[in-house]
Ligand code: PAF
C-alpha cells in the first residue's frame, strides 16, 4: 500500500465520467481504491465503514445515492432522509477523497435499465419477501457502482445481513474483482443498532425499539446454555419482541449465516444467525446477530 495523505476535503462529483477519471488517476499513481456505497443520511455506522476503508485503501470513495430501484411502491423513497451537507461534513472529517453523489438522470438516463441482477432465492425471503424486487435493485446499483468506481475493496455493514450476503454471492458468482469487507454493526449505548431510519422513531418507540437487541441477546444466551433447537430459539426471539406492546413483529428467524437456509438444528452457533424485523409505528427496523 502506498502511503498517501488523505485529501483535506472530499471532491464532490456527480458525473460517472469524472469519478472514473479520478479512479483512473489514483490507480495510475499506484493507489488502492476503496468504495463505501451509501444512500446518505450518514451516521456513526457509516463512519466506521469509512474508517475501515480509509485504514486499508489509499483512495476512498463514498457514494451517496438514494437508489429508487430498491424501493417498492408505497415504500419510503420520498421520505428517505437526504442530508447532503451533514454527510459531506462526516466525509470531510473521515478523510474521504471523493464523494460520488449522482442524480437519477446520471444513473438511469432512460429512467430504467433493461439489465438487472437476478439474486436467486436469498433475495425472495425475509426482507425480499416483504420488499419484492428490493435486492435486485440493490445488487444492480451496487454492480453499477463497482463498474463506475472500479474499487479494489468495498465496505458493507453487517447490520444489513441479507444485503451483505447477497452482494458477496453476486461478486463470487460473477467473478467481480472486488474484495467485499463486512463491518460489525454499530449500536447506541442501549443496544439499538444505528440506522438512518431511527431518526423517525418517536421517543416512546425509540425506547421500545431496544427490544430487538434484547431479543437477540436472549437468543444468544439460550444457545450459549446449550439450546440447539433452532425453532425454539426463534420462539425466544419472537416471544421477547411480542412482549413489547409497541412492536409489531415481521419475522424472527434462525438461519444458516452463509445461505440463509433454516435448519431444524443449530450445529455450529458461529455459522448461525438470528435475524429480526419489526415495526414501531411507521418505522420498520431490522437487526441480527451471529449466535456465538
Ligand atoms: O445499504 C445501502 O445503503 C444501500 O442498499 C446501498 C448498498 C448503498 C445500495 O443502494
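Can you give me the pair-distance distribution of region 50-189, C-alpha pairs, 5 Å bins, whole percents?
Spelled out per bin, shortest first, that is 2, 8, 17, 21, 24, 17, 9, 2, 0.
Counting every Cα pair in region 206-290, what percent are over 15 Å apart?
That tail contains 50 percent of the Cα-Cα pairs.
Which three extents, in angstrom, do the Cα atoms of the chain have along their principal axes, listed largest first?
55, 39, 39
I want to make sure I understand the PRE zone here: with the label point 7 angstrom from the Cα of residue 18 toward its beta carbon, which residues in region 44-76 have backbone N atoms less than 19 Å away?
59-66, by backbone N distance to the label point.
Test of understanding: in a Gaussian network model of the chain with alpha carbons linked when under 10 Å, which of 175, 229, 67 would top the mean-square fluctuation ranking?
175
Expected output is a single nm value to one decimal: the length gained when fully extending between residue 210 and residue 113, i.e. 0.36 nm times separation in residues minus the C-alpha distance. What is it?
Between residue 210 and residue 113, full extension yields an extra 31.0 nm.
Using alpha-carbon pairs under 8 Å, 6+ residues apart, how would you state the relative contact order of region 1-134 in percent?
Result for region 1-134 is 33 percent.
At a threshold of 8 angstrom on Cα-Cα distance, excluding pairs fewer than six apart, so keeping six or more, what relative contact order does the chain reach in percent?
Worked out over the chain, it gives 16 percent.
Determine the gain in length on full extension of the stretch residue 279-residue 265; use 0.36 nm per residue of separation and subtract their C-alpha separation, reporting nm with one decimal.
Extra length from residue 279 to residue 265 when fully extended: 2.2 nm.
Taking the Cα centroid of region 37-93 and of region 185-251, what is the distance between the two, rounded to the nearest whole Å?
Going from one Cα centre to the other spans 25 Å.
Relative to the compact globular guide of 2.2 N^0.38 Å, what is the alpha carbon radius of gyration of region 1-89, as a ratio?
For region 1-89, the normalised Cα radius of gyration comes out at 1.21.
With a Cα-only, solvent-free Debye model of region 172-252, what are the log10 I(q)/I(0) values at q = 0.14 Å⁻¹?
With no solvent term, the Cα-only Debye profile gives -0.62.
From the mean inverse distance of alpha carbon pairs (Kirkwood) and the Cα radius of gyration, derive Rg over Rh for region 246-292.
Here Rg/Rh amounts to 1.07.
Rounded to the nearest 500, what is the chain's calculated 222 nm mean residue ellipticity when only DSSP H runs of at least 4 contribute -39500 (n - 2.57) each, over all residues?
Theoretical 222 nm ellipticity from helices: -11000 deg cm²/dmol.
Could you check what % of the DSSP bridge pairs in the chain are antiparallel, to the nearest 5?
The antiparallel proportion sits near 50 percent.
Per 0.36 nm of contour for each residue apart, how much would the distance between residue 27 and residue 217 grow if the chain were fully extended, relative to their Cα-Cα spacing?
64.0 nm
Which peptide among 151-159, 263-271, 122-130 comes first, and what is the full order, when sorted by highest mean count of other Cβ atoms within 10 Å?
151-159, 122-130, 263-271
Taking only the alpha carbons of region 107-150, what extent do you get along each of the three principal axes, in Å, biggest first?
Per principal axis, max minus min of the Cα coordinates gives 30, 23, 13 Å.
The numbers here are math on the coordinates, done by the rules we state, and not lab data. Treat the numbers as computed from the prediction; the structure is a model and nothing was measured. As a convention, Cβ positions derive from the backbone with ideal geometry for all residues, glycine included, and neighbour counts pool all protein chains shown.
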